[in-house]
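Notes follow the structure.
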Amino acid sequence: MITKAIQSYCNAVHHLVDFVGRSVGYIMPLLAFVVVFEVVARYFFDSPTIWAYDLSLFMFGYISALSGAYAQQKRAHINVDILYNHVRPKVRSIFNILSFSIALIFALIIIYMSIDKFYEAIEFNYRRQSEWAPHMHHFWVMMVVACGLLSLQLISDILLNAYFFVTGKKLIPNAPDTEEFTHGN
Amino acid sequence: MGIELLTGVLLLCILVTFAMGAPVGLGLGGIAMIVGYMTWGDGIFNVIPTTLESTFFSFILLAIPLYIYMGQLLTRSGIGDAMFNASQMLIGKIRGSLAISVIVVCSMIGAMVGIIGAGIMTSGSIALKPMLDRGYDKRLALGVIMAGGGLGILIPPSVPMIMFASSTQTSVGRMFIAALIPALITIVLLITYVVVSCKLNPSKAPIGNDAHDEMTPKEKFRTGRDGLFSVLLITAVLGSIITGIATPTESGAIGVAGAVLLAIVFKRFKREIFESAGLSSALLVSVAMWIIFGATVFSNFHLLMGVQNMIAGFTQDLGLPPIGVIIMFQLIMLLLGFIIDEFIIVLICAPLFTPIAVSLGFDPIWFGILMILNIEIAVQTPPYGFALFYLKGIAPPDITMLDIYRSVTPFVLIKLFVLVLCMLFPDIVLWLPNKMMNG
Amino acid sequence: AEHNWRFANLYSRGTAYGELYENLGKNIEQMSAGKIKVQVLYSGEGVGSSGILGAVKSGLVTMGAPFQSMHAGELPAGVVEIGLPGGTDDVGELSTLFHEKGWDKVLKEAYGAQGLVWLDPYIQPPVYIITKKPINSVADFKGLKIRAPGAYGKFLRQLGASPVSLAWSEIYTSLSTGVIDGSIGSNMIDHRDGNHVEVAKYMYRLPLAGAQVLPIVVNRSAWNKLTPELQAIVSAATTIHAREQMTKSKLWESQAVAEMEAKGLKWSPEPSAEDKAAWKAAAASLWDEYAKSDKYSAQLIEILKKQ
Ligand code: NA
Ligand code: NA
């Protein structure tokens, strides 16, 4: 019963994070387009925009933060694997539980602070300091979502490792942590 | 807790967390928050919003996504390959030629990218497999990619140079020019090493099975043309900076537009390529930014606790002669390179060391170039270095971390030699900018 | 010490201005007989320059010397406080404005609303524009791409220029390659430090704002922990600091100008009476716009107009 619940939680998180991660990839060409647009507007038409600067920074932030959970799912976050690759799988799962817990603490604190900043941004009508002066509140909402997804993913990974440690079996066939380190693929 | 003890505790935590294989950025951020909570209280959590805003809204760092994206588009559309094949067509007969053209191609990529990761990921994905396939010595192949890819921050444009210039309020343009001669010396020395060591030990680099002789004239023409166009793209990106069309940060976007255009011209533009390039770029950007963010949270906590005063006090109390201080700074940065990434070294050391170096009568540009050369070494020295991990990321699975560690030695020595050379003869760095920018 | 304070400013370690903040910290320590210990944090040491206000507000640092233009989105009234384009540089006039006409009350409230204690401000030298080509009349600004953020950008747009947003570290390269035709600097010292004169030779004679008025802010809960006596000591130390800023700024500004002139800085011709009128009109048109940005700005500008 609990196993089933964990299994469906992990599957649900997997699909959610996968969907968001894949969607974020489409911001990349938009970001490049905005920067090229600014260059063309300024150089060829002598009329720099007031929005490209902040818009490109927002997109940059969205890509960076929102892909964090997907990177965790793909084990793309860089780690030091010297000892890690040479310990028994059960020890490795202990390592994972500990280090993902540290990461989870970090992600939860970011959520907590971002909620604060969101209310502050609403209360005082915080904007960027530029002439365009776009609102800041959505950035903090995005951070809550990004770190929320990251937390869900980390919890899923911790659960899978704990299950493996207790039973010696994988709960989900392709769980990554007992595979080789494959960063950057 | 005194700052010395705190620094010790933090180092120990890093060591343990990294040994467990924790994600570097998240681990650093987590350690800072946990240790911070125990020494400072929950007030330390406030470091998160300000750090988030300063890292995610840094226009200079915007070069990271733009250049990574350009690199991914070049690699996935095969344009990077074209550049490499064309260079092979020209010098394929020389022993070690593949390694030499890798260095040349890496220098060209380095001329465009401003960050180590993009340089190594781009050159590595193009050139590592061909070298291994043709029976090149593993260590030679890995070392060449690592050394060549690292040139990205020495050949302008360079993100760490931009960061150095912004935090020490020196001129970016001057630094870019100052780096040219040291970069050239490094490239020449790397090529010399490859030629000499292949002469001494021919088994390191077997002469290929002359695939290029079997090419029809039409294939040769296509390879040459594609290579030429790739070189033109680099020229266009650099040209857009020089002619005032774009700033160094924006030039990455020009490169993206150019790469898309080339892919369309070469009829290699496919939807899958476009999508996978976007996805993998987003992933790499996120990985880079989470490390930068986590590491900055970590160092901001450490700085708020006063580590800069410790380092500053440490460097002032020694009563060393001026050049001794410079050497000390280099040693500190090399040591920091064992645990901290390139950007944070610049962030911490540039504002801390440069004013001292300047007050001792040294040129800040010269000191900045030494710092860049130093960082290039720091990121590829074991146990901890970003260049090592990027390389591991693109290497085939049978390459172990130990292979990578062993591969770097001769190349690190070459770079160390260049560093010492520039330290002893500042004119290597300063002559060109003084000549070109009239003092 | 009873109170351990962190004091963030936005100058780099080892710069002349940085020392003034170091002195303020030392004065607070000495005058409080060591009851308040102040650790000075320079640019980038734990807090980025655009994060100072937020960091003081949250208590991450106790005291800060922010540059209001960087916080235009958080505290719009600060932009009016620092000096809108066209503002006066007369120290007596500024002093009356702040201390007699009631700007201090409005600002205390504006900063207070965000949990900040506003201490007596200090004056830094004005903002000037450097251009690649001489500006012979205001009409020459038409079509020029000038790096000028926020309020300064809006002002230049009124004169027909195209304001551009760039990172500080990109100004030099951008002037040199021609991405931009000119740039403002926080003051003459800023232009000198950026080596702008190497790549753009002409300084325009009219300053964008006569003088810049910058505050020292303290986290409210840290402030409330001080005895009234210690509070008075901190205030007194900021008054000394303001005086030091005034004398040193004048000296450093003239040194910076002399150094730039030695490197070939030229001044654009003296502006005509029409130019000055156009300049003033452009500035005045902004006042109403800024008055709309929030209620504190409105109050400040109302007082300003009465003057
Ligand atoms: Na480069
Ligand atoms: Na290292």
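In segment A:53-91, what residues are more than 8 Å from chain B (Cβ to nearest Cβ) and either of a type outside the set (A, V, I, L, M, F, W, C) or open to solvent by less than 40 Å² (accessible area, probe 1.4 Å) (or both)?
Those that are more than 8 Å from chain B (Cβ to nearest Cβ) and either of a type outside the set (A, V, I, L, M, F, W, C) or open to solvent by less than 40 Å² (accessible area, probe 1.4 Å) (or both): A:Asp54, A:Phe58, A:Met59, A:Tyr62, A:Ala69, A:Gln73, A:Arg75, A:His86, A:Val87, A:Arg88, A:Pro89, A:Lys90.
Of the residues in segment B:50-65, at least one is under 25 Å from A:Val141 (Cβ atoms) and of a type in the set (D, E, K, R). Listed by position, the strands (runs of 3 or more DSSP E) enclosed by segment C:109-157 that each have at least 2 residues that are open to solvent by less than 10 Å² (accessible area, probe 1.4 Å) are C:116-124, C:128-131. Here the condition is being in contact with a helix residue (DSSP H, G or I) (Cβ under 7 Å, 6 or more places away or on another chain) and either surrounded by fewer than 22 Cβ atoms within 10 Å (Cβ to Cβ) or more than 8 Å from every other protein chain (Cβ to nearest Cβ) (or both); of B:Val9, B:Val16, B:Val47, it holds for B:Val9 alone.
Scanning segment A:5-52 for residues that are more than 9 Å from chain B (Cβ to nearest Cβ), touching a residue at least 40 places away in the same chain (Cβ under 8 Å), under 20 Å from A:Met142 (Cα atoms) and open to solvent by 50 Å² or more (accessible area, probe 1.4 Å) turns up A:His14, A:Leu16, A:Trp51.
When the test is whether a residue is of a type outside the set (Gly, Ala, Ser) and not in a helix (DSSP H, G or I), A:Ile82 passes it. Of the numbered criteria (1) within 13 Å of chain A (Cβ to nearest Cβ); (2) away from ligand 1 (no atom under 16 Å from the Cβ), the one B:Val408 fails is (1). Confirm whether B:Ile34 is surrounded by fewer than 24 Cβ atoms within 10 Å (Cβ to Cβ), of a type in the set (A, V, I, L, M) and either part of a helix (DSSP H, G or I) or more than 7 Å from every other protein chain (Cβ to nearest Cβ) (or both). In short, yes.
Annotation for segment B:362-371: no member residue is within 16 Å of ligand 1 (Cβ to nearest atom), open to solvent by 10 Å² or more (accessible area, probe 1.4 Å) and within 13 Å of the chain's Cα centre (by Cα).
Every residue, every condition in (1) part of a loop (DSSP other than H, G, I, E, B); (2) under 23 Å from B:Met163 (Cβ atoms); (3) facing chain B (nearest Cβ under 7 Å), yes or no:
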{"site": "C:Gln39", "(1), (2), (3)": "no, no, yes"}
{"site": "C:Ser43", "(1), (2), (3)": "yes, yes, yes"}
{"site": "C:Gly51", "(1), (2), (3)": "no, yes, yes"}
{"site": "C:Lys57", "(1), (2), (3)": "no, no, no"}
{"site": "C:Ser69", "(1), (2), (3)": "no, yes, no"}
{"site": "C:Gly73", "(1), (2), (3)": "yes, no, no"}
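Comparison of C:Glu19, C:Glu2, C:Glu81 shows that the only residue that is of a type in the set (D, E, K, R) and open to solvent by less than 10 Å² (accessible area, probe 1.4 Å) is C:Glu81.
Please go through segment C:183-209 and give me each residue that is away from every other protein chain (no Cβ under 14 Å), open to solvent by less than 20 Å² (accessible area, probe 1.4 Å) and of a type in the set (Ser, Thr, Tyr), ordered by number. Passing the criteria: only C:Tyr204.
Do we find a residue being free of Cβ contacts under 8 Å to residues at least 24 places away in the same chain, among the hydrophobic types (A, V, I, L, M, F, W, C) and farther than 26 Å from B:Ser240 by Cβ anywhere in segment C:118-140? So far as segment C:118-140 goes, yes, one or more of its residues are free of Cβ contacts under 8 Å to residues at least 24 places away in the same chain, among the hydrophobic types (A, V, I, L, M, F, W, C) and farther than 26 Å from B:Ser240 by Cβ. Of the residues making up segment B:179-201, not a single one is assigned to a loop (DSSP other than H, G, I, E, B), away from chain C (no Cβ under 14 Å), more than 13 Å from ligand 1 (Cβ to nearest atom) and at pLDDT 85 or above. Residues in segment B:133-156 that are within 14 Å of another protein chain (Cβ to nearest Cβ) and either within 16 Å of ligand 2 (Cβ to nearest atom) or within 26 Å of B:Gly173 (Cβ to Cβ) (or both): B:Gly149, B:Pro156.
Of all residues in segment B:258-285, those being within 11 Å of chain A (Cβ to nearest Cβ) and in a loop (DSSP other than H, G, I, E, B) number 0. Selection over segment B:148-197 of residues that are surrounded by fewer than 23 Cβ atoms within 10 Å (Cβ to Cβ) and over 26 Å from C:Ala167 (Cβ atoms) gives a count of 12.
B:Gly2 falls short on exactly one of the conditions (1) within 14 Å of chain A (Cβ to nearest Cβ); (2) surrounded by fewer than 23 Cβ atoms within 10 Å (Cβ to Cβ), and that condition is (1).
The values are calculated or read from the model by the stated rules, or taken from the named source; none is laboratory data. What you see is a predicted model, and the numbers here were worked out from it, not measured in a lab. When we count neighbours, we look across all protein chains shown, and the Cβ atoms used for this are built from the backbone with ideal geometry, even at glycine. Remember, those area values only see protein heavy atoms, side chains included, never the ligands or the DNA or RNA. Shrake-Rupley method; radii C 1.70, N 1.55, O 1.52, S 1.80 Å.
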